Amino acid sequence: MKLRDIFNNQKSYFKWRLEKVKRLKKRFPQLFDISKKKVLDIGCGAQAPLCSFLSKIKKAKVFAGDIEHSSVVSAKKIAKKAIISKFSAEKLPFKDKYFDIVFLLDVLEHVKDPVKTIKEAKRVTKDKGLIFIEFSPYYAYPTGHHLYALGFPKGFLPFQLLPLSITKYIVLNSTLPIKNLPQHLFNQFKDLNKIGVRQFKKIIQAMKLLTLDERYCIVLPQKEIEINFISKLPILNEIITMSYSGIFKKAEF
């Protein structure tokens with residue numbers, strides 16, 4: 001699928017997101033060994049590609065949710081086998097040590113408080129359970145966070161370095177097939193919490209979560225190219241890494 005075709009309509013966008021989930025399974029197969037396990041998809045979104053895919057795995061018990069009511073309504077129609085509800089990532093409505101695996105896929109950069117979010121994910125994860133987190137570092141270039149939907153060259157401007165007023169003008173004066181998408185993209189961008197790789201790793205260390213695996217990727221429309229060597233290069237790993245992902249284990253105390 002070409003970049004310009006992804007945002008033609010909701011169906012093409014869902015297909016693109018679902019393909020990403022399938023590639024995620026190839027990269028981290030242990031996350032999808034969930035038969036007879038309870039898993040949680042935090043911030044499932046309106047399209048709900050991850051929890052939809054997970055809920056089709058035999059004997060898996062999949063929970064998911066989003067802070068937006070409209071997203072929950074839409075997700076329930078797509079991922080019919082999952083248990084979906086409205087909740088905040090910073091305050092999960094689940095008991096301590098309830099889930100075997102917790103997913104935060106493309107969510108962490110959008111929450112108001114990343115520390116609270118990871119702390120809550122840890123709280124609801126069983127001892128020796130897994131937490132998967134994937135996010136776009138704020139200063140990644142070309143910019144992630146879906147502003148690439150504007151197409152070339154607009155979508156590849158360093159918006160993180162521009163005054164917000166200029167970003168707003170460029171985004172809102174762009175024409176896209178999906179109605180109200182420019183406004184949605186701008187709202188999403190201005191609310192980013194600006195988390196980067198270095199800050200994230202400090203949080204993980206402070207939470208005493210064990211890093212089992214991590215990947216640094218450049219993201220293209222139909223694939224992710226791993227550039228794990230970049231982990232040893234401070235600053236560059238913030239700028240070049242379009243998608244950082246990792247599996248973290250909750251230690252037993």
| request: May I ask you to verify whether LEU172 is touching a residue at least 60 places away in the same chain (Cβ under 8 Å), farther than 28 Å from LEU54 by Cβ, of a type in the set (A, V, I, L, M) and surrounded by fewer than 21 Cβ atoms within 10 Å (Cβ to Cβ)? | output: no
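Report those helices (runs of 4 or more DSSP H) wholly inside region 176-242 carrying at least 2 residues which are closer than 27 Å to LYS122 by Cα and out of contact with any strand residue (DSSP E or B) (no Cβ under 8 Å at 6 or more places or on another chain).
Correct list: 181-190, 197-206.
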Taking region 5-54 and the residues there that are surrounded by 15 or more Cβ atoms within 10 Å (Cβ to Cβ) and acidic (Asp, Glu), the one that is nearest to PHE135 (Cα to Cα) would be ASP41
If we keep only residues of region 97-108 that are surrounded by fewer than 21 Cβ atoms within 10 Å (Cβ to Cβ) and out of contact with any Asp or Glu (no Cβ under 9 Å at 6 or more places or on another chain), then the residue farthest from LEU54 (Cα to Cα) is TYR98
Picked from region 210-253 (must be acidic (Asp, Glu) and farther than 22 Å from ILE101 by Cα), the residue modelled with the highest pLDDT is GLU226
Result of the Cβ filter at 8 Å on region 195-222, keeping first residues that are under 27 Å from ARG17 (Cα atoms) and touching a residue at least 40 places away in the same chain (Cβ under 8 Å) and partners that are polar (S, T, N, Q) and in a helix (DSSP H, G or I), at least 6 apart or interchain, is VAL197/ASN237; ARG215/ASN228
Given the conditions (1) buried (at least 17 other Cβ atoms within 10 Å of the Cβ); (2) under 30 Å from ASN9 (Cα atoms), every one holds for ASN180 apart from (1)
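The values are calculated or read from the model by the stated rules, or taken from the named source; none is laboratory data. Quantities reported herein were computed from a predicted structural model and do not represent experimental measurements. When we count neighbours, we look across all protein chains shown, and the Cβ atoms used for this are built from the backbone with ideal geometry, even at glycine.
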